[in-house]
Amino acid sequence: MTVLLVAHGTRNPHGVALIGDLAAAMRDRLAEHVAVSFVDVLGPSPSEALAGQGPDPVTVVPAFLGRGYHVRRDLPEYLGRRGVPPTRVTDSLGPSCEVIAALADRLHRAGRRAGDAVVLAAAGSSDPTSHQDVESVAAALALVLGAPVEVAFAAPSAKAPQYPAVSDAVARLRRRHARVSVASHLLAPGLFQTRLEHSGADVVAAPLGLHPLIVERACALARCTVPVAG
């Protein structure tokens, strides 16, 4: 089995390294070749990474926390190009039970206290499917924490005015709560995580990255024998 892990892409070297480390962790668990590609910012693209792979089918795992534009539009476009071998595309990393549990654990380890106001900080999108996904994650996380969870974006969109910037959400919640904790609905460090860390919150969780549950989810997707439609 050949596995291709597809991520967004970032200019931050730590973010790029994390995707490579995730692929390496999958490789160790699966005992299979796991390659890496990116849909934006840097290469190789999925079609470039798959060039010359031969006729055997490849399992493509989208390293995204939601089913937004990159998963539903960009990835199929790359995989449909001439010369790309047959692929089986799995579901994305999230939304999933593993992502919810990892978010709660990251918050706990960062120092979140009972009674803290909680913000679920996503990257940001104008895509309605992404909005549905992040809202479902916020609702599930609220059940786990036993506290309300508000959604905010690291990069707010004018097309989604219902989601404030993380710093604005923190400032507003600060007026009603003594402390504010931010759950990072991000996979890797980079510009967006830096914005969360500068949001003024008392607690900012680390990106989900190499959390054992995220590695577990990625490997489970790679092993899955039933394709999931994008």
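Just so it is clear, none of the values below were taken in a lab; they were calculated from the coordinates. Computed from a predicted model, the values in this text were never measured in an experiment. Cβ sites come from the backbone with ideal geometry, for glycine too, and all protein chains shown count toward neighbours.
The distance separating the Cα centre of the stretch 130-149 from that of the stretch 169-230 comes to 12 Å. Amide H contacts under 5 Å for Val36: Leu5, restricted to partners 5 or more places along the chain or on a different chain, H placed in the peptide plane at 1.01 Å from N. Note on Arg72 and Arg223: with the Förster distance fixed at 22 Å, the Cβ-Cβ geometry gives a FRET efficiency of about 0.45. Panel order for Val16, Val119, Val41, by other beta carbons found within 10 Å of each beta carbon, from fewest to most: Val41, Val16, Val119. Taking every Cα-Cα distance in the chain and sorting them into 5 Å bins from zero, the calculated P(r) comes out as 1, 7, 15, 19, 20, 15, 10, 7, 4, 2, 1, 0 percent.
From the Cα gyration tensor of the stretch 74-153, with a ≥ b ≥ c the square roots of its eigenvalues, which class applies: rounded if a/c is under 1.5, or else prolate if a/b is larger than b/c, or else oblate?
Details: a/c = 3.27, a/b = 2.35, b/c = 1.39.
Taking the square roots of the gyration eigenvalues as a ≥ b ≥ c, the stretch 74-153 is prolate.
Give me the base-10 log of I(q)/I(0) for the stretch 1-82 at each q in 0.22 Å⁻¹, Debye formula, one uniform scatterer per Cα, rounded to two decimals. So the normalised log intensities are -1.09. Ranked by the mean number of other Cβ atoms within 10 Å of their residues, highest first, the peptides 181-192, 136-147 come out as 181-192, 136-147.
Contact order for the chain, expressed relative to its length and based on alpha carbon pairs under 8 Å spaced 6+ residues apart, stands at 24 percent. Overall shape: rounded for the stretch 97-204, with the ratio a/c of the largest to smallest alpha carbon gyration tensor axis below 1.5. For the chain, the Cβ-based charge dipole about the Cα centre amounts to some 440 debye (Lys, Arg positive; Asp, Glu negative; other atoms uncharged). Calculated FRET efficiency, Val144 to Arg82, Cβ-Cβ distance, R0 = 35 Å: about 0.15 to the nearest 0.05.
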